[in-house]
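Peer 1: The structure follows.
No lab work stands behind these numbers, since they all come straight from the coordinates. For clarity, every value in this text was computed on a predicted model and none was experimentally measured. So basically every Cβ, Gly included, is an ideal-geometry build from the backbone, and we count neighbours across all protein chains shown.
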Amino acid sequence: MGKPIINDKTMSFIESYLNNPSPVGYEASSQRIWMDYLEPFVDTFDTDIYGTAVGFIKGNNGSGIVKKVVIEAHADEISWSVNHISDEGLIYVIRNGGSDHQIAPSKRVKIHTKNGLIDGVFGWPAIHTRKGKDVEIKVDTNFIDVGCISKDEVIALGVHVGCVITYPDEFMVLNGNKFVCRAIDNRMGGVIIAEVARLLKENGDELPFELYIVNSVQEEIGLRGAQMITETIKPDVAIITDVCHDTTTPMINQKIEGTIKMGSGPVITYAPAVQNNLREMIIGIAEQEAIPFQRLVSSSQTGTDTDAFAYSNGGVASALISLPLRYMHTTVEMVHKDDVENVIRLIYETILSINDETNFTYF
């Protein structure tokens with residue numbers, strides 16, 4: 001397992017998957033890309049009524065204590081929605097997830113309509129007109145210009161209240177080993193769990209339980225997709241992968257956010273929702289396999305789909321393995337290729353370590 005995991009085919013998948021928009025509530029096209037890539041590595045697929053996609057590996061149908069295992073990421077990205085169109089043809093927005101209003105001014109956008117994608121820009125007054133004073137950036141001061149001069153002209157393009165808006169910023173590689181794109185949070189997690197399935201298939205691994213590879217929707221607005229799918233699957237174990245903050249860049253207080261560095265390995269979280277025995281098993285595997293890792297603590301909740309799985313169905317043994325990321329909820333989110341591969345390795349080795357005797361009972 002020391003050789004590189006990410007190959008040319010994986011890179012092609014990463015680029016097409018990350019470049020494709022997947023705003024909260026409109027994840028279908030992105031899920032199709034993910035399922036097409038995953039299809040050779042699983043036995044069957046299923047989707048739920050809101051679009052969460054699940055690849056299924058049968059295993060031996062669960063002869064041990066652990067019968068159903070989930071590995072999970074989320075497919076949705078933050079975005080904006082059209083909220084108001086002025087008489088002058090300017091568009092005002094509300095958040096669809098945790099979009100950062102401070103990065104919006106002068107950004108290009110795509111407005112999703114039934115007529116296709118409409119180009120626009122977040123307008124911003126020139127520095128010359130602000131008389132040397134900074135203007136406070138707020139959601140209700142941000143506006144989109146699609147080149148129209150009236151409300152009727154905007155509506156004629158197919159734009160209406162409720163249309164979702166995404167940024168067009170695309171995938172790139174910096175310095176040979178840094179992946180940069182919008183929505184790495186958390187479609188890189190979708191790549192990770194798909195690669196785990198690929199390794200299981202290519203290595204001919206047989207599992208003593210059913211494995212569900214889950215790509216959930218609507219995480220960015222409150223873990224909604226995970227809440228729904230865990231009630232359907234009713235797993236015994238859930239291993240979640242998401243992103244966490246690289247705290248070594250400017251303007252981040254490590255005394256509050258902890259010390260996490262991109263390139264230093266997967267991040268294993270301590271939190272009430274993380275089942276202690278499962279977490280310690282994962283740490284033991286990382287040490288045994290010489291996979292570098294970091295530790296992070298959450299005081300009450302992880303803010304990830306881990307919380308949804310852990311507290312469902314009377315309690316599910318859950319753990320969180322995170323990918324260090326710079327510039328979260330911007331259009332230039334950045335992760336290290338080595339960290340991506342090591343998260344894949346850690347989840348893969350954990351899956352192989354669960355056997356008929358594995359028991360996560362607390363006492």
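Peer 1: Net charge around Val54, counting only other residues with Cβ within less than 10 Å of its Cβ (Lys, Arg = +1; Asp, Glu = -1)?
Peer 2: -3
Peer 1: Right, next: With a Förster radius of 25 Å, plug the Cβ-Cβ distance of Glu206 and Gln288 into 1/(1 + (r/R0)^6) and report the FRET value to the nearest 0.05.
Peer 2: Between Glu206 and Gln288 the formula returns 0.75.
Peer 1: Ranked from highest to lowest mean number of other Cβ atoms within 10 Å per residue, what is the order of the peptides 257-268, 150-161?
Peer 2: In descending order of packing, they fall as 257-268, 150-161.
Peer 1: Subtracting the Cα-Cα distance from 0.36 nm times the residue separation, let me have the gained length for Asn355 to Ser150 in nm, one decimal.
Peer 2: Using 0.36 nm per residue and subtracting the Cα-Cα distance, I get 67.3 nm.
Peer 1: If you stretched the chain out fully between Lys58 and Asp8, how much longer would it get, using 0.36 nm times the residue separation minus the C-alpha to C-alpha distance?
Peer 2: Here the segment from Lys58 to Asp8 would lengthen by 15.2 nm.
Peer 1: Also, I was wondering about something else. Show me, bin by bin at 10 Å from 0, the whole-percent P(r) of the chain based on Cα pairs.
Peer 2: 5, 24, 32, 22, 11, 4, 1, 0
Peer 1: Right, here's the next one. What is the local net charge at Met35, summed over the other residues whose Cβ is closer than 14 Å to its Cβ (Lys, Arg +1; Asp, Glu -1)?
Peer 2: Charge balance in the 14 Å sphere: -3.
Peer 1: Loop only by DSSP, 14 or fewer other Cβ within 10 Å of the Cβ. Give me the chymotrypsin sites (Phe, Trp or Tyr not before Pro) in the stretch 83-148 that pass, ordered by residue number.
Peer 2: Here no chymotrypsin sites (Phe, Trp or Tyr not before Pro) fit, given the DSSP loop and packing criteria.
Peer 1: Once you place label points 7 Å from the Cα toward the Cβ at Arg108 and Ile221, how far apart are they in nm?
Peer 2: So the two model labels end up 2.8 nm from each other.
Peer 1: Label-point separation (nm) for Met251 and Asn177, each offset 7 Å from Cα along Cα-to-Cβ?
Peer 2: Between Met251 and Asn177, the label points sit 2.8 nm apart.
Peer 1: Any idea how far the Cα center of the stretch 1-73 sits from the one of the stretch 226-293, in Å?
Peer 2: 20 Å
Peer 1: May I ask for the distance between the Cα centers of the stretch 74-144 and the stretch 146-176, given as a whole number of Å?
Peer 2: The stretch 74-144 and the stretch 146-176 have Cα centres separated by 9 Å.
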